[in-house]
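Engineer: Got a structure here, written out as structure tokens. Questions coming.
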Amino acid sequence: MAREYPYADRLLEFYRASGRVLPWRGDKDPYHIWISEIMLQQTGVTSVCRYYERFLERFPTVARLAQADLQEVLGAWQGMGYYRRAQHLHRAAVIIQDGLKGQWPETLEGWLALPGIGRSTAGAIMAICWNRRHPILDGNCKRVLSRIMALNEPVNSSQATRMLWHWADLLTPPEQPGDYAQAIMDLGAVVCTLRDPKCNICPWQGGCRAFAESRVGEYPNRMKAKVRPRYGQQAILVQESTGAVLMRRRPEGGLLGGMWEPLSTPRQTPPQPPSDVVEMQDQLERHWQVHGCDMKRLGRVQHAFTHFHLTVWVYSCRYVSGWPQGAGEEICWWDAGHSDMPVSTLHAKVLAMAGQEVIN
């Protein structure tokens, strides 16, 4: 890295001239910045812009968010995925409202003590809201810095992470650290992109080793990703005469915690061929004590989670009698047109096979 290059000055000039117009830009309200930063952790800006203002309309203050039922929060989050973020957001709101008496943490350590807050998110909030000099290192920043440094270490290795944090700290200026944090996020998002980077308009072109060596496309270097395992599962859409589907609530804390799903078998690996309708009819009665008729196979849904792939074979039947028996399970009838219970993207696709379109 060219230590004499005016990285901060050039980047702030770029930001003043070309910074993105986003709903939370120019806002220093910690609640608004916190919500936007949590949403941006795993979701693209375009999607976040659609959800951000809707979320704030429903939960305009941290007190309102803390008072809300988790199901209401998950419902507002529906469609963005990575639902643990919403759970952490709700838990943190309760801590701020009850444990901190509605006062915002004003130190990095205070933010790090809250659920779902890592060093980069805490740094961004502190820099933007309180103008404190704290570096950030999200995925876009890692890509930018790996090219500036021509970092040969795999960017997702522990050694590279230490180096990237070191350089992120060195480059963060004492003046306007909040603008700088948003500027470097913009640089990675719209200029120093993973594919087809726009080096001709990059404010850091003159200080970029990868550009000087004509090797921009080689960075960031990554360790070879592990092959994600594949699982299979069956889901049964048990419907009553109105079209409502029998649903159960998933336990909190695990995958899709607190969300609602149709009656489903445990995941299997490797994925097993779909059971015939007679076997599924038998499983429905043996495992859930529900009697149905006209069992049919509707097809399959494939979904990619962060760490595995899942194939769900979908069946439907008409409800006759009985009720699922399970320790502490919440069971109810669900109708897309008359329910605000949160449903994941995966199970929205499953329900659509029975004509139940979930609106996000």
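The values are calculated or read from the model by the stated rules, or taken from the named source; none is laboratory data. Remember, it's a predicted structure, so these values are computed and weren't measured experimentally. Here Cβ is always computed from backbone atoms with ideal geometry, including for glycine, and neighbour counts include all displayed protein chains. These accessible areas exclude ligands, DNA and RNA; they are computed on the full protein's heavy atoms, side chains included. Shrake-Rupley method; radii C 1.70, N 1.55, O 1.52, S 1.80 Å.
Engineer: Taking the Cα atoms only, what angle lies between the long axis of helix 45-58 and the longest principal axis of the chain, rounded to 10 degrees?
Structural biologist: Relative to the chain, helix 45-58 is tipped by roughly 70 degrees.
Engineer: Only bridges with both residues in the chain count here: give the DSSP antiparallel percent, nearest 5. Working shown, then result.
Structural biologist: Numbers: 23 of 34 bridges.
Roughly 70 percent of the beta bridges in the chain run antiparallel, per DSSP.
Engineer: Right, something else. Report the charge-dipole magnitude of the chain in Debye, nearest 20, computed about the Cα centre from +1 at each Lys and Arg Cβ and -1 at each Asp and Glu Cβ.
Structural biologist: Working: 40 positive and 35 negative charges, 218 e Å.
It works out to roughly 1040 debye.
Engineer: Report, please, the projected area of the range 207-272 averaged over directions, based on the convex hull of its C-alpha atoms, in nm². Could the numbers behind the result be given before it?
Structural biologist: Details: hull surface 37.6 nm².
Taking a quarter of the hull surface, the average projection is 9.4 nm².
Engineer: Farthest toward the dipole's positive end in the chain, which of 145, 231, 275, given Cβ charges of +1 (Lys, Arg) and -1 (Asp, Glu) about the Cα centre?
Structural biologist: Positive-end residue among those listed: 145.
Engineer: Out of the range 89-181, which GluC sites (Glu not before Pro) are coil in DSSP terms and have no more than 13 other C-beta atoms within 10 Å?
Structural biologist: Details: sites: 106, 109, 175; in loops: 106, 175.
Those satisfying the criteria are 106, 175.
Engineer: Continuing with the same structure: How many nm is it between the label spots at residue 294 and residue 282, if each spot is 7 Å from the Cα in line with the beta carbon?
Structural biologist: In this crude spin-label approximation the distance works out to 2.4 nm.
Engineer: Please state the shape class of the range 266-357: rounded when a/c is under 1.5, otherwise prolate if a/b exceeds b/c and oblate if not, all from the C-alpha gyration tensor. Display every interim value, and only then the final one.
Structural biologist: Numbers: a/c = 1.42, a/b = 1.11, b/c = 1.29.
The shape class here is rounded.
Engineer: Would you mind checking which residues have amide H under 5 Å from residue 290's amide H? H placed 1.01 Å from N; only 5 or more apart, or other chain.
Structural biologist: Close amide H contacts, sequence-distant or interchain: 285.
Engineer: May I pose another question? Under unit Cβ charges (Lys, Arg +1; Asp, Glu -1), what dipole magnitude, rounded to 20 debye, does the range 79-159 have relative to its Cα centre? The partial results should precede the final answer.
Structural biologist: Working: 10 positive and 5 negative charges, 34 e Å.
It works out to roughly 160 debye.
Engineer: Sort 285-291, 92-98, 319-325 by the packing proxy (mean of other Cβ within 10 Å over each peptide's residues), most packed first.
Structural biologist: Values: 285-291: 15.3, 92-98: 18.9, 319-325: 12.7.
Ranked from most to least packed, the peptides come out as 92-98, 285-291, 319-325.
Engineer: Taking the mean number of other Cβ atoms within 10 Å as a proxy for protection, how do you rank 11-21, 231-241 from highest to lowest?
Structural biologist: With the highest mean Cβ count within 10 Å placed first, the list reads 231-241, 11-21.
Engineer: Quote the Stokes-Einstein diffusion coefficient, in whole µm² s⁻¹, for the chain, based on the Kirkwood radius over alpha carbon pairs, a temperature of 4 °C and a viscosity of 1.567 mPa s. Mind dumping the intermediate values first?
Structural biologist: Working: Rh = 23.0 Å.
The diffusion coefficient I find is 56 µm²/s.
Engineer: Next up: Relative to the longest principal axis of the chain, what angle (0 to 90°, nearest 10) does the C-alpha long axis of helix 177-186 take?
Structural biologist: For helix 177-186, the angle is close to 60 degrees.
Engineer: Report the calculated FRET efficiency for residue 71 and residue 29 (r = Cβ-Cβ distance, R0 = 22 Å), to the nearest 0.05.
Structural biologist: Details: r = 26 Å, r/R0 = 1.19.
For residue 71 and residue 29, the calculated efficiency is 0.25.
Engineer: Per 0.36 nm of contour for each residue apart, how much would the distance between residue 325 and residue 200 grow if the chain were fully extended, relative to their Cα-Cα spacing? The partial results should precede the final answer.
Structural biologist: Numbers: separation 125, 0.36 × 125 = 45.00 nm, distance 6.35 nm.
Here the answer is 38.7 nm.
Engineer: Further question on the same structure: Along the charge dipole of the range 165-243, Cβ charges K/R +1 and D/E -1, which of 221, 166, 180 sits furthest on the positive end?
Structural biologist: 221
Engineer: Could you give the dipole magnitude of the range 114-227 about its Cα centre, charging the beta-carbon of Lys and Arg +1 and that of Asp and Glu -1, in debye to the nearest 20? Before the final figure, lay out each step's value.
Structural biologist: Details: 14 positive and 9 negative charges, 82 e Å.
Magnitude of the dipole: close to 400 debye.
Engineer: Quote the relative contact order of the range 127-252 in percent (integer), defining contacts as alpha-carbon pairs under 8 Å separated by 6+ residues. Before the final figure, lay out the partial values.
Structural biologist: Working: 134 pairs, mean separation 40.9, N = 126.
Computed value for the range 127-252: 32 percent relative contact order.
Engineer: Using only the C-alpha atoms of the range 7-103, find the volume of their convex hull and express it per residue in Å³. List each step's numbers first, then the result.
Structural biologist: On the way: hull volume 11.1 nm³, N = 97.
About 114 Å³ per residue, rounded to a whole number.
Engineer: Let me ask you something else. As a test of the formula, what do you get for the chain when each DSSP H run with n ≥ 4 contributes -39,500 (n - 2.57) and the sum is divided by the residue count, at 222 nm and rounded to the nearest 500 deg cm²/dmol? Please list the in-between numbers first.
Structural biologist: Numbers: 14 runs with 138 residues, N = 360.
Dividing the helical sum by the residues of the chain leaves -11000 deg cm²/dmol.
Engineer: Once the principal axes of the Cα atoms of the range 192-322 are found, what is the range along each, listed largest first in whole angstroms?
Structural biologist: 72, 30, 28
Engineer: Can you give the angle from 0 to 90° between the axis of helix 30-40 and the longest principal axis of the chain, with both taken from C-alpha atoms, to the nearest 10?
Structural biologist: Once rounded, the angle reads 70 degrees.
Engineer: Additional query: Over the chain, with the other protein chains present, what is the accessible area per residue in square angstrom, probe 1.4 angstrom?
Structural biologist: On the way: 17330 Å² over 360 residues.
Solvent-accessible surface per residue comes out at 48 Å².
Engineer: Let me ask something else about it. Do you know the Lys pair count in the chain for C-alpha distances under 25 Å, with sequence separation 8 or more or different chains? Working shown, then result.
Structural biologist: On the way: 28/101; 28/142; 142/198; 142/224; 142/226; 296/349.
The result is 6.
Engineer: Could I ask something else about it? Carbon and sulfur atoms: what percent of the 1.4 Å accessible area of the chain do they account for? Present the calculation step by step, with values, prior to reporting the outcome.
Structural biologist: Working: 8550 of 17330 Å².
Ligands and nucleic acids excluded, carbon and sulfur reach 49 percent.
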